[in-house]
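S.K.: Okay, handing you the structure first.
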Amino acid sequence: MNEEQPDTLQLKLFNEILTRFSGKSEAISELMKVLSVNRDGIYRRLRGDTLLTSQELHLLAIRFSISLDELVHEDTNKIFFSYSLYEQDANSFWDYLMLMNQHLKEFVKQPELWVYYSSQEIPIFISMMFPKLFAFKMYVHGLTTWHLDFLQDKPFDFDLLNAKEQALAMETSQIYCTINSTDFWTLALLQQSLSQIEYLAVEGRFKTFEICQEVCLELLELIRHARLMAESGKKFMPGHQPIKANGVFDLFHSELTVTNTTILSIAQQRYGLYNAFDNPNFLFTNNKKLCLLKEAWFKKVKQYSVSMSVHSSKNRNHYFNKLESKIEQTMKRMEYAFS
């Protein structure tokens, strides 16, 4: 490869790969493993002195989840997305939980990671902290998004997720608690969950009122725990105290974020944008132009949002009191519906 072609696909690919590591030596070591060549061979490929074979291009693209199409069309208006469902069919709750866990483990390896998280509903990672509520959410997704056959005529039961699946959910939420983020919530945060509870109650999907009530009570526990996280400005697991290693939880109330769940990750100069699509599945792109636009959007939204973290006790209490009231009203309606 000659020096007159500094922006070839090969050099763009290596530049993208190098952003995935905190240091060049770490990247070189990983590249040696993937391509099964020595250190000198890797440096020759990095400089462009040795061309990558088609097989090597394939190996690198797969290993680092990089779209070669996107690199080719980097300077055009074409934007390429990946869809989480195509990576692995969710034929069981275990399939979905494994996929989420693996994604998050890779996600948190990024250096100097910060996340903007806008949600019209409870973030799934917080739901995972509450086993009964999370079992209910998985029941709903299993009925609707994944159309799992064994659920179609099955009433909801807390044993829906086995101990191994619940443990994996807890591990995933613990990883989530290490991530620094700025979050934007609305007063509609509970609307979907409360509507699902009421609808399934009417459909006879709860065997007893007590089961329905326990789901509502865990939802209430979640909101109270979220209030504690906002007060401390840290993410942490229920029943624990925040520690220095926990991620920042910079929470804002905004009624301007009328959008699907949107997550923007920034790690040094590397971006990633996730958007809910057929929830709980998502679309993903690391197109820098689109990510920069979304970053600017988040910053504008923040200007018109109300802080609820750390010292903002008045705003925080006003917001969370309203959410608790919504849950209590639903519980009263459910008590009447079952009587």
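Conditions tested, residue by residue: (1) β-branched (Val, Ile, Thr); (2) in contact (Cβ under 8 Å) with a residue 40 or more places away in the chain; (3) surrounded by 18 or more Cβ atoms within 10 Å (Cβ to Cβ).
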site: Glu112; (1), (2), (3): no, yes, no
site: Tyr117; (1), (2), (3): no, yes, yes
site: Glu121; (1), (2), (3): no, yes, yes
site: Phe130; (1), (2), (3): no, yes, yes
site: Ala135; (1), (2), (3): no, no, yes
site: Met138; (1), (2), (3): no, yes, yes
site: Thr145; (1), (2), (3): yes, yes, no
site: Phe156; (1), (2), (3): no, yes, yes
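S.K.: Also, I was wondering about something else. Looking for something over 22 Å from Glu335 (Cα atoms) and at pLDDT below 95 - is there at least one such residue anywhere in the stretch 223-244?
M.R.: yes
S.K.: For residues that are closer than 29 Å to Gly23 by Cβ and surrounded by fewer than 18 Cβ atoms within 10 Å (Cβ to Cβ), scanning just the stretch 76-102, find the one that is modelled with the lowest pLDDT.
M.R.: So the residue we want is Glu87.
S.K.: Tell me, which strands (runs of 3 or more DSSP E) lie completely within the stretch 251-303 with 1 or more residues that are in contact with a helix residue (DSSP H, G or I) (Cβ under 6 Å, 6 or more places away or on another chain) and hydroxyl-bearing (Ser, Thr, Tyr)?
M.R.: Those strands (runs of 3 or more DSSP E) span 270-276.
S.K.: Can you say whether Glu56 is within 21 Å of Gln102 (Cα to Cα) and part of a helix (DSSP H, G or I), as far as the supplied structure shows?
M.R.: Answer is no for this residue.
S.K.: Looking at (1) among the β-branched types (Val, Ile, Thr); (2) under 25 Å from Gln269 (Cα atoms); (3) surrounded by fewer than 16 Cβ atoms within 10 Å (Cβ to Cβ), which one does Thr53 not meet, given that it meets all the others?
M.R.: (2)
S.K.: Is there a residue being outside any helix (DSSP H, G or I), in the same structural domain as Asn260 (by TED's automatic domain parsing), surrounded by 15 or more Cβ atoms within 10 Å (Cβ to Cβ) and not β-branched (Val, Ile, Thr) anywhere in the stretch 325-338?
M.R.: no
S.K.: Also: Need the failing condition index for Lys244 against (1) within 30 Å of Ile66 (Cα to Cα); (2) in a loop (DSSP other than H, G, I, E, B); (3) among the basic types (Lys, Arg), just the number.
M.R.: Of the numbered conditions (1) within 30 Å of Ile66 (Cα to Cα); (2) in a loop (DSSP other than H, G, I, E, B); (3) among the basic types (Lys, Arg), the odd one out for Lys244 is (1).
S.K.: Being at negative phi and either crowded, with 19+ Cβ neighbours inside 10 Å or not assigned by TED's automatic domain parsing to the domain that holds Phe277 (or both): is that true of Glu198 here?
M.R.: no
S.K.: While we're here: Find all pairs meeting these conditions: Cβ atoms under 7 angstrom apart; at least six residues apart or on different chains; first residue within the stretch 307-321 and on the phi > 0 side of the Ramachandran plot; second residue modelled with pLDDT of 95 or more and not in a helix (DSSP H, G or I).
M.R.: Val310/Gly233
The values are calculated or read from the model by the stated rules, or taken from the named source; none is laboratory data. Predicted model only: the values in this text are computed from it and were never measured. For neighbour counting, all protein chains shown are included, and Cβ atoms are generated from backbone atoms with ideal geometry for every residue, glycine included.
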